[in-house]
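Here's the structure we're looking at; comments come further down.
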Amino acid sequence: MQRRCNLAHLIAASFVVLVLTLLMVVVEAQAQIAFVSNRDGPSEIYVMDSDGGNPRRLSDNHLAEEGPSWSPDGRQIAFTSRELDLRVGNRQIHVIDVNGGNQRDLSKNDFDDWNPSWSPDGKRIAFVSDREGKWDIYVMDADGGNQRNLTNNAGSRNDNPSWSPASKRIVFVSIREGNMDLYVMDDDGSNQRNLTNNDRRDENPSWSPDGKRIAFTSVGDGARRNWDIYVMDADGQNERRLTNHPDRDWNPVWAPDSKRIAFVSNRTRIWHPDIYVMAADGGHPINLTDHPDDDEDPAWLNSPLSVSPLGKKFTMWVWLKQVDR
């Protein structure tokens with residue numbers, strides 16, 4: 001009887017080891033950052049490992065691409081696509097598989113649609129459109145259906161949507177009180193309120209995966225009027241500056257573990273920005289791309305499975321049911 005129990009325990013232990021090994025492989029594969037680069041011609045969508053290695057181009061259609069946003073399952077990337085000549089055609093929301101295939105237009109209209117943001121539950125994509133005469137935040141189903149206006153012309157410009165982790169709220173940029181501030185609203189467009197309400201220009205908000213903080217770009221702190229990365233609590237309190245560099249830092253995005261922030265900076269080459277990563281407190285900035293051409297618009301794949309490029313640590317949630325003996 002004892003031998004039979006030991007055999008059962010050995011089989012169970014072997015199964016757990018196999019599952020954990022497979023999960024680690026999946027984690028490694030999913031630790032990725034999408035970005036935009038013109039290193040091979042027009043701006044295209046690229047993907048790299050989260051330590052900057054293995055960059056590879058996904059889109060290749062001689063259009064100008066920008067603003068990538070991952071689907072939560074890591075299988076697709078939404079982005080803005082437009083003709084190189086701005087006088088021809090309109091910006092539209094496209095989606096592409098992570099193998100570079102099956103690119104398709106989701107928004108499909110005669111106006112400009114841009115800045116997609118995929119909801120963490122995978123069901124919807126928020127985006128910006130000028131189809132009603134002003135910049136408004138819209139939302140559509142992940143297949144492009146059921147498009148609807150959330151901000152409804154409140155202010156002359158509403159831009160840069162970013163979802164809360166529970167997909168219940170959206171932080172965004174608006175000019176409606178004479179300044180560019182960060183606002184938050186429920187996912188149906190209700191309860192819109194100002195979070196920052198200061199004399200600076202605030203934009204590019206990014207909600208942390210743990211739901212506690214919002215990182216953003218702010219322009220104009222004092223006479224220097226430089227671009228720096230700030231962070232605040234999700235309710236707008238406890239605002240603090242993370243970068244304080246004489247060159248420009250902008251467009252922050254959170255890592256899945258909420259412990260790191262990728263951002264864009266021209267501190268290495270004044271005319272050609274690179275993608276950097278730093279600790280969530282602003283420390284230890286590292287240049288990930290370090291390329292002579294333009295690398296911008298980072299988007300971290302925020303999956304529950306994540307790896308730290310420094311320590312190769314992984315996070316997993318495993319539910320084990322105890323078997324009666």
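Computed from the coordinates by the stated procedures, all read-outs in this text should not be read as laboratory data. Please read these numbers as outputs of a predicted model, since none were measured by experiment. We place every Cβ from the backbone using ideal geometry, glycine too, and count neighbours over all the protein chains shown.
5 Å is the cut-off here: which amide hydrogens, built 1.01 Å from N in the peptide plane, fall below it relative to ALA280, excluding neighbours closer than 5 in sequence?
ARG260, ILE261
Name the residues of region 175-193 whose amide N is less than 15 Å from a point 7 angstrom out from the Cα of ALA166 along the C-beta direction?
185-188
Can you give the FRET efficiency to the nearest 0.05 for VAL219 and ASP73, using r as the Cβ-Cβ distance and R₀ = 51 Å?
0.90
Run the numbers for ASP121 and ILE286: contour at 0.36 nm per residue of separation, minus the present Cα-Cα distance, in nm.
56.3 nm
Over region 168-262, what is the percentage of antiparallel beta bridges among all DSSP beta bridges, to the nearest 5?
100
Modelled label-to-label distance, ARG104 and ASN146, 7 Å Cα→beta-carbon offset: nm?
Using points 7 Å along Cα→Cβ, the separation is 1.7 nm.
Over 31 Å between Cα atoms: which of LYS108/LYS259; LYS123/LYS259; LYS123/LYS212 fall into that group?
Over 31 Å apart, Cα to Cα: LYS108/LYS259.
Any chance you could check the Cα centroid distance between region 279-295 and region 110-166 for me, in angstrom?
Between the Cα centres of region 279-295 and region 110-166 lies a distance of 29 Å.
Subtracting the Cα-Cα distance from 0.36 nm times the residue separation, let me have the gained length for GLN237 to ASN179 in nm, one decimal.
Full extension of this stretch gives 19.0 nm more.
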